[in-house]
Amino acid sequence: ERGARRGAFNVPPEPFLPHEVLFRQKEQFSDGVGYSWIDGLKEHAGKVISDEDMATAPIRFPYNTPGTKEAAYFRTIFHSHFPNNNYGNGIEATVPGGPSVACSTAKAIEWDEAWSDPTKQDQSGRFVDTHDAAVA
């Protein structure tokens, strides 16, 4: 599928797009903004979400409890805008749950045993070992 699209734009002698654009690695949506932006968000979340915040996260967020400081940071922002969106009051429909690798659903965790390790579950495509800039 991707090869057919690339072939359609790769028309010699003058392709419609430069080779480095046409044949670059496909990125996850979140990775497309740049790795430093994602890493910076994680670093910021590590500063504003304390260990105590993480210890009390199951009390504050009993449904789909955030497992990382980054996830807790985003949940805190979400709840600042939607304070009445609690379990039983709609959150089940708006905050999907379960582990994820590279923005996949929880079902994808079953595809590869290595992904069942919570330290390898991240929204970034870099956590899939076939990625050019893999951290896995």
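Along the range 49-65 the Karplus relation, 6.51 cos²θ - 1.76 cosθ + 1.60 evaluated at θ = phi - 60°, assigns HN-Hα couplings of 9, 8, 5, 5, 4, 5, 5, 9, 4, x, 7, 6, 10, x, 9, 6, 4 Hz to successive residues, with x for each Gly and Pro. Looking at the range 42-88, the accessible area is 66 square angstrom per residue; that uses a 1.4 Å probe and ignores ligands, DNA and RNA.
What length, rounded to one decimal in nm, is gained on full extension from R24 through to W37, with 0.36 nm per residue of separation minus their alpha-carbon distance?
Result for the pair: 2.7 nm of gain on full extension.
Give, as a single signed number, the net charge of other residues whose beta carbon lies under 10 Å from the beta carbon of Y73, with Lys and Arg counted +1 and Asp and Glu -1.
Details: positive: K42, K47, K69, R75; negative: D53, E70.
Net charge around Y73: +2.
Listed peptides 65-71, 13-19, 78-84 appear in the order 65-71, 78-84, 13-19 once ranked by packing, highest mean of other Cβ atoms within 10 Å at the front.
The values are calculated or read from the model by the stated rules, or taken from the named source; none is laboratory data. These figures come from a predicted structure and were not determined experimentally. Note that we place each Cβ from the backbone using ideal geometry, even for glycine, and neighbour counts take in every protein chain shown. Surface accessibility is based on the protein's heavy atoms, side chains included, excluding ligands, DNA and RNA. Shrake-Rupley method; radii C 1.70, N 1.55, O 1.52, S 1.80 Å.
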